[in-house]
Amino acid sequence: MPVLTGTSTRTRVWIIVLALLLLGGGATAYTLRAASGRGAAATGTAAPGFALDSGPGTLYARDTATGRVARVDPSAPGGRVAGGPACDRFHAAGGTALCLQRRPGVPARSYVIVLDRQLREVRRMGMPGIPSRARVSASGNMLAWTMFATGDSYARSSFSTRTSILDLRTGYLVKNMEQIPLTLDGKRYYAPDVNYWGVSFAADDNRFYATVSTAGRTRLVEGDMGKWSARALRENVECPSLSPDGRLIAFKKRVSDGPREPWRLYVYELATGREHPVGERRGIDDQALWTDGENLAYGYGGEVWSVPADGTGTPRLLAPAASSPTVTTGPLPS
């Protein structure tokens, strides 16, 4: 048997140490990569290459099976292309996307996530409540979202909401719209039960429409960010959605006091005050989306439907097992 010298012994020891270091480094790198992958899955970020730049008129919706945003494509397997972020509510316009993500645990809390046109996260905020409504202005500069603070349905009498507005140009955040002075019947109104929800922005990024509820009544309000004011226009209007030309508002109108399908979808003309129901006869509990100047999209029964806004026609299925529709309506800024 050969006799090991001191030099050869030290060499072998160093070889073993080096091997252990290499193995440990590889295991560490693998662990970090695995943790990173799990983290991406947990946060529900968009897959590489999945973005909003698919051209005007492209429909996106939340896929019910996965909870992720998908691009609706009738030619794709299953009629959609998956790969978007995980959201409970989603809306996008002007190259900006807004994703509301429910967090596990009690009390209820959620993430408000701002995304760019490539659906990369640019800002994340923790907020109390359950996601309800999300809207981005046509320019992509103004964002609004509504959370249920208590309760989880507008059909119940015991609910409270908190609606926030974020101006991406300045970073200014209105945490609760109840801070905005409200004028009702020509007078400044004060009440502890005031609730806002369902914001829709005008093209100037200053004017907006929303629902206000107080004393058991819902009203349409017109707000002005610059003047920091809001005034009630008319009763029985919920979840307004302003048309691209700023002339019409699609909204939920309560037609029954019962808990089963109490609303119908209507369209209101701002200049004349005239309103009419659309061809959808079912009870719609959603903030309708103008897919263009003539048609509305909305969620019903776990599916996304469309109907003409002028009261003609019949509902048409756009995407089964889906919700929270949004449509790219024009060229995105470079």
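The values are calculated or read from the model by the stated rules, or taken from the named source; none is laboratory data. Since this is a predicted model, take the numbers as computed values, not measurements. In this analysis, Cβ positions are derived from the backbone assuming ideal geometry, glycine residues included, and neighbour counts consider all displayed protein chains. Ligands, DNA and RNA are stripped out before the accessible areas are found, and what is left, the full protein with its side chains, is counted by its heavy atoms. Shrake-Rupley method; radii C 1.70, N 1.55, O 1.52, S 1.80 Å.
Computed values, structure above
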read-out: Listed residues His91, His276 arranged by accessible area, highest first, probe 1.4 Å; value: His276, His91
read-out: Qualifying lysines (Cα of each under 18 Å from Cα of Lys175; at least 8 residues distant if same chain); value: Lys227
read-out: Contour excess over end-to-end distance, with Cα ends at Ala203 and Asp53 and 0.36 nm allotted per residue; value: 51.9 nm
read-out: For the stretch 176-251 and the stretch 269-291, distance of Cα centres in Å; value: 17 Å
read-out: Potential lengthening between Asp193 and Asn176 on full extension [0.36 nm per residue; Cα-Cα distance subtracted]; value: 4.8 nm
read-out: Residue-count net charge about Arg62 - beta-carbon cut-off 14 Å; Lys, Arg +1, Asp, Glu -1; value: +2
read-out: Chain lengthening between Ser256 and Arg217 when straightened (0.36 nm per residue, less Cα-Cα); value: 12.7 nm
read-out: Accessible area in square angstrom per residue, the stretch 222-334, 1.4 angstrom probe; value: 46 Å²
read-out: Label-point gap, in nm, between Leu317 and Leu233 - each point 7 angstrom along Cα→Cβ; value: 3.5 nm
